[in-house]
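The values are calculated or read from the model by the stated rules, or taken from the named source; none is laboratory data. All values derive from a computational prediction rather than experimental measurement. Don't worry about glycine lacking a Cβ; one is built from the backbone with ideal geometry, like all the others, and counts go over all protein chains shown. In case anyone asks, the SASA skips ligands and DNA or RNA and just uses the protein heavy atoms, side chains included. Shrake-Rupley method; radii C 1.70, N 1.55, O 1.52, S 1.80 Å.
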Amino acid sequence: MKLLYKPVGIVLGLVAGFISRKLFDRLWAVIDREDPPKATTRETTWPKVLAAAAVEGVTFKVTRAAVDRAGAQGFASLTGAWPGEKRAKPED
């Protein structure tokens, strides 16, 4: 069953990327009227670069986790098999 989930996971990853980009653009528009700077943008400040990176990172990670979780639950509802681990692996 995990093998059957692979294509679903790939599609969900693409969907998560699309949603994340749109969400980040909207969040950044609230923070600043200019486009978010890249790390190599010369005419910007450190705080602005780091803020853009932090907001983008959190947005992408949280969106990806939400989409992955919803996808796994949907897959489990349809097939009766959970596509991932049943429990988190204990840390050493």
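Starting from region 6-57, pick out the trypsin sites (Lys or Arg not before Pro) whose DSSP state is loop and whose Cβ has at most 12 other Cβ atoms within 10 Å.
The qualifying sites are 33, 38, 42.
Could you report the accessible area of residue 69 in Å², rounded to 10, computed with a 1.4 Å probe on the protein chains as they sit in the structure?
Residue 69 exposes around 130 Å² with every protein chain in place.
Could you list, in their original order, any pairs among 6/89; 2/38; 22/48; 48/89; 2/61 whose Cα atoms are separated by more than 31 Å?
Beyond 31 Å: 2/38; 48/89.
Accessible area of residue 35, 1.4 Å probe, to the nearest 10 Å²?
It works out to around 130 Å².
With a 1.4 Å probe and every protein chain kept in, tell me what percent of the accessible surface of region 6-90 is carbon plus sulfur.
C and S fraction of accessible area: 63 percent.
Go through 56, 34 and list them by solvent-accessible area, largest first, probe radius 1.4 Å.
Order by accessible area, largest first: 34, 56.
If you put +1 on each Lys and Arg Cβ and -1 on each Asp and Glu Cβ, how big is the dipole of the chain around its Cα centre, in Debye rounded to 20?
280 debye
Which entry is the computed Cα Rg over 2.2 N^0.38 Å for this structure: (i) 0.99; (ii) 1.42; (iii) 1.29?
(ii)
Per residue, how much accessible surface does the chain expose to a 1.4 Å probe? Answer in Å², no decimals.
82 Å²
Charges on Cβ only, +1 for Lys and Arg, -1 for Asp and Glu, centred on the Cα centroid of the chain; of 77, 55, 13, which one is farthest towards the dipole's positive end?
Result: 77, furthest along the dipole toward the positive end.
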